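The next block holds one structure in the form of structure tokens; read it before the comments.
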Amino acid sequence: MQNPNSNRKYIIAGMVLTLTAIFIIRLFYIQIIDKSYQLSSNNNSRLRVVEYPGRGMMFDRYGKPLVYNEPVYDLLMLPQQVKAFDTLELCRILSIDIVEFRESVRKAREYSRYRQSAVVRQVSMEQFAMLSERLYKYPGFSFQIRSQRKYPQPIAPHLLGYVGEVNVEDLKKDPYYQSGDYIGKSGLEQEYEEYLRGRKGISFMLVDVHNRLQGKFENGRYDTIPEPGRKLTITIDAALQEYGEKLLAHKKGSIVAIEPSTGEILAMISSPAYDPNELVGRIRGQNFERLMNDSLNPLFNRATMSRYSPGSIFKVVQALVALQLGVIDEFYSVDCNKDIIGCHNHPNAHGLREGIQYSCNPYFYNVFRRIILQGKSTNQFKDSQIGLKIWDEMVFTFGLGQILPTDFPGIKPGLVPDGELYDKMHGANRWAFSTIYSNSIGQGEVETVPIQIANLAAIIANRGFYYVPHFIRSIEGIDTIPQKFKDPVHTAIDPKYFDIVADGMQRVVYDPGGTGWKAQVPGVIVCGKTGTVQNSGGKEDHSGFFAFAPKERPRIAIVAYVENSGAGGMYAATITSLMIEKYMNGTITQADKELSILEYQQF
């Protein structure tokens, strides 16, 4: 009888042979086919070097470079390979504090003994050259090249933005970034980060026992090539931007200029400002802290974040809404009765054009009253609620009370007050026109942001529509800009009414009694409107002026604000005149005007 266990030896032998074959095949794969283990075994003679791409350059609308890159180096440390070295000499060459360097070394060792860490960032080319000659004395140390931003002209810091090291939130949002990487933190650097950053590459280098580079590992077969960032051409006119910053120097205020036919932003100035080169390199941290603590707040972008009462500029909106609703016509006249609301001395306004020309407060008090109280209810509270709702819906179509969907971060929405706001302020059914009439002259609760007012000027220039204001003109390798910047956005106002308002704005600048005569430009028909913004802080009022030019086929729409400088017909109108002439003609013939602005300094 056959032993039932006699076949076990064959089974066991088969299992042994199978396992042996598996191990042989695996070893063959590891040693011959898969090089990853070989790479790991070569850690002591191989450096993994991240190759950072050049960040995309930015150019103005005429191809003038606004920001480019210059090479810098990071000193890396691999703790496992580090031996005793001359710390004093290294710190002297790199001009760094020895205590800070030792702290960086400590952090690198705590992070990992087997991975490289940057212990000194943004080493200059001169320092790199000096240390490279002595690098054999510093085993475990190596360099990686990267770039930092450079600004050929110290202009447009708020617009261009700045680059800074990634933080914890950045690392969580995007796995592309690693600790020590840099990212756009504000302005267009932030908005177009995905295009500007490019893509990192990796190189594996061989080093000898003296830590000297010996060439590529495996002839570079495992390397990846960095992809440079895309070049951006933006809509800014660098010469106009520079001139506007010159005019606003030593003043608090802002200027925004737009090309009405495209929505392209020609200039965006905020003052006080700073030299963008201050936020580059190893000095960035201390300069940023200094700017943050500066009482003048130079990091604050007044063009997109300051919320002002629009003042008398808002009267043109009231006029257009009233015309559309049919509650007035172009011949509607009002006596300038100062018992109703305060006003300056001028003749009675015979028609809407003169109402705008004289900027008559009682005139627009009555215009707003007709908008709000239309007799749709016998209850004045209910009637006011109905009228305000209609007014809100129409004003909103001017791009007010909302964040314009442009390509710039951090824009504030301003405020167009509605019934819900007044219910919270005064209680439901406890407010009426008599509560909210200050909005008639651009005071009260209504608030606007300078970029919105520049866009309002573009709307009137276009006779009823606008293109979303934007900065991008082209992106390298991208065929077209977003469609939202190409499609016109129409207001709720019939185009026929805009010529009436444009006539009134021309009178503001050229006719007797007009409040904006300082906005005149030789050879150009300017249409504008003053806006004196009351300041509740106890200081002098803010000066505001918005305009477009020329009257027919306008090429520029613009707003200027100068804080705490008085009436809108003074400094803001003069600045607007100079900016229009600079853009239209390329030169300035109004030397006296220019001198008056340059000599006026607030700090």
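The values are calculated or read from the model by the stated rules, or taken from the named source; none is laboratory data. Here the structure is a predicted model, which is why all the values come from computation and not from measurement. Please note: Cβ atoms are built from the backbone with ideal geometry, for glycine as well, and neighbour counts cover all protein chains shown.
What are the pairs, 6+ residues apart or on separate chains, where a residue within the stretch 578-598 that is outside any helix (DSSP H, G or I) has its Cβ under 9 Å from a residue that is among the aromatic types (Phe, Trp, Tyr)?
Cβ pairs passing all conditions: ILE588/TYR243.
Which one of these is within 20 Å of ILE356 (Cα to Cα), part of a loop (DSSP other than H, G, I, E, B) and of a type in the set (Ser, Thr, Tyr): THR480, THR515, THR530?
The conditions single out THR515.
Taking into account only those residues within the stretch 113-134 that are more than 38 Å from the chain's Cα centre (by Cα) and surrounded by fewer than 18 Cβ atoms within 10 Å (Cβ to Cβ), which is nearest to ILE202 (Cα to Cα)?
TYR114
For the stretch 87-107, which positions are under 19 Å from GLY281 (Cα atoms) and of a type in the set (D, E, K, R)?
Across the stretch 87-107, the qualifying residues are ARG92, ASP97, GLU100.
Any residue in the stretch 166-177 that is part of a loop (DSSP other than H, G, I, E, B), of a type in the set (Val, Ile, Thr), out of contact with any Phe, Trp or Tyr (no Cβ under 8 Å at 6 or more places or on another chain) and under 26 Å from VAL119 (Cα atoms)?
Scanning the stretch 166-177 turns up no residue that is part of a loop (DSSP other than H, G, I, E, B), of a type in the set (Val, Ile, Thr), out of contact with any Phe, Trp or Tyr (no Cβ under 8 Å at 6 or more places or on another chain) and under 26 Å from VAL119 (Cα atoms).
Within the set of pairs 6+ apart or on separate chains, which have a first residue in the stretch 282-307 that is among the acidic types (Asp, Glu), a second that is part of a loop (DSSP other than H, G, I, E, B) and surrounded by 14 or more Cβ atoms within 10 Å (Cβ to Cβ), and C-beta atoms under 8 Å apart?
That search, which allows pairs on different chains as well, returns ASP294/PRO272.
Whether any residue in the stretch 179-192 is of a type in the set (D, E, K, R), farther than 30 Å from LEU240 by Cβ and either touching a helix residue (DSSP H, G or I) at 6+ places or on another chain (Cβ under 9 Å) or not in a loop (DSSP other than H, G, I, E, B) (or both) is what I want to check.
yes
Which one is nearest to ILE258 (Cα to Cα) among residues in the stretch 455-470 that are buried (at least 23 other Cβ atoms within 10 Å of the Cβ) and among the hydrophobic types (A, V, I, L, M, F, W, C)?
ALA458
Taking GLY198 as meeting all but one of (1) of a type in the set (Gly, Ala, Ser); (2) at pLDDT 95 or above; (3) in contact with a Pro (Cβ under 8 Å, 6 or more places away or on another chain), write down the number of the exception.
Against the list (1) of a type in the set (Gly, Ala, Ser); (2) at pLDDT 95 or above; (3) in contact with a Pro (Cβ under 8 Å, 6 or more places away or on another chain), GLY198 comes up short only on (2).
Quick one: is VAL82 within 24 Å of VAL280 (Cβ to Cβ) and at pLDDT 70 or above?
Judged against the criteria, VAL82 is not a match.
Can you find a residue that is among the polar types (S, T, N, Q), assigned by TED's automatic domain parsing to the domain that holds ARG149 and farther than 17 Å from ARG134 by Cα anywhere in the stretch 81-103? Break it down into steps so the answer makes sense when it comes.
Taking the stretch 81-103 first, the residues among the polar types (S, T, N, Q) are 81, 87, 95.
Remaining after also requiring assigned by TED's automatic domain parsing to the domain that holds ARG149: 81, 87, 95.
Keeping just the survivors that are farther than 17 Å from ARG134 by Cα gives none.
The answer is no; no qualifying residue exists.
All but one of (1) over 29 Å from the mean Cα position of the chain (by Cα); (2) closer than 24 Å to ALA557 by Cβ; (3) among the hydrophobic types (A, V, I, L, M, F, W, C) hold for TRP431; state the number of the condition that does not hold.
(2)
Can you find even one residue in the stretch 395-413 that is under 28 Å from the mean Cα position of the chain (by Cα), in a helix (DSSP H, G or I) and either at pLDDT below 95 or not charged (D, E, K, R) (or both)?
yes
For the stretch 256-274, give me each residue that is closer than 12 Å to LEU159 by Cα and not hydroxyl-bearing (Ser, Thr, Tyr).
Residues satisfying the conditions are VAL256, ILE265, LEU266, ALA267, MET268, ILE269, ALA273.
Just for helices (runs of 4 or more DSSP H) wholly inside the stretch 232-324: which have at least 2 residues that are modelled with pLDDT of 95 or more and within 17 Å of LYS582 (Cβ to Cβ)?
Result: 238-248.
Any residue at all in the stretch 503-510 that is outside any helix (DSSP H, G or I), aromatic (Phe, Trp, Tyr) and modelled with pLDDT of 95 or more?
Looking through the stretch 503-510, none of the residues is outside any helix (DSSP H, G or I), aromatic (Phe, Trp, Tyr) and modelled with pLDDT of 95 or more.
Within the bounds of the stretch 257-278, is there any residue that is aromatic (Phe, Trp, Tyr), on the phi < 0 side of the Ramachandran plot and in contact with a strand residue (DSSP E or B) (Cβ under 6 Å, 6 or more places away or on another chain)? Spell out the reasoning first.
Initial filter on the stretch 257-278 (aromatic (Phe, Trp, Tyr)): 274.
Among the residues that remain, those that are also on the phi < 0 side of the Ramachandran plot are: 274.
Adding the requirement that they be in contact with a strand residue (DSSP E or B) (Cβ under 6 Å, 6 or more places away or on another chain) leaves none.
No: the stretch 257-278 contains no residue that is aromatic (Phe, Trp, Tyr), on the phi < 0 side of the Ramachandran plot and in contact with a strand residue (DSSP E or B) (Cβ under 6 Å, 6 or more places away or on another chain).
Using beta carbons and a limit of 7 Å, which pairs, at least six apart or on different chains, have the first residue in the stretch 174-186 and in the same structural domain as PRO409 (by TED's automatic domain parsing) and farther than 13 Å from GLN148 by Cα and the second one surrounded by fewer than 14 Cβ atoms within 10 Å (Cβ to Cβ) and not aliphatic (A, V, I, L, M)?
Here the result reads none, with nothing in the stretch 174-186 linked to a residue that is surrounded by fewer than 14 Cβ atoms within 10 Å (Cβ to Cβ) and not aliphatic (A, V, I, L, M).
State which residue is surrounded by the fewest Cβ atoms within 10 Å (Cβ to Cβ) when the search covers only the stretch 410-448 and only residues that are in contact with a strand residue (DSSP E or B) (Cβ under 8 Å, 6 or more places away or on another chain) and touching a residue at least 40 places away in the same chain (Cβ under 8 Å).
Step by step, filter the stretch 410-448, then rank; the result is LEU415.
Do we have PRO488 as touching a strand residue (DSSP E or B) at 6+ places or on another chain (Cβ under 9 Å), farther than 26 Å from ILE390 by Cα and of a type outside the set (Gly, Ala, Ser) here?
no
Out of all the residues in the stretch 528-545, is one or more modelled with pLDDT of 95 or more, crowded, with 20+ Cβ neighbours inside 10 Å, closer than 30 Å to ILE390 by Cα and of a type in the set (Phe, Trp, Tyr)?
yes
Would you check if there is a residue in the stretch 490-506 being charged (D, E, K, R) and under 24 Å from ILE411 (Cα atoms)?
Checking the stretch 490-506: not a single residue is charged (D, E, K, R) and under 24 Å from ILE411 (Cα atoms).
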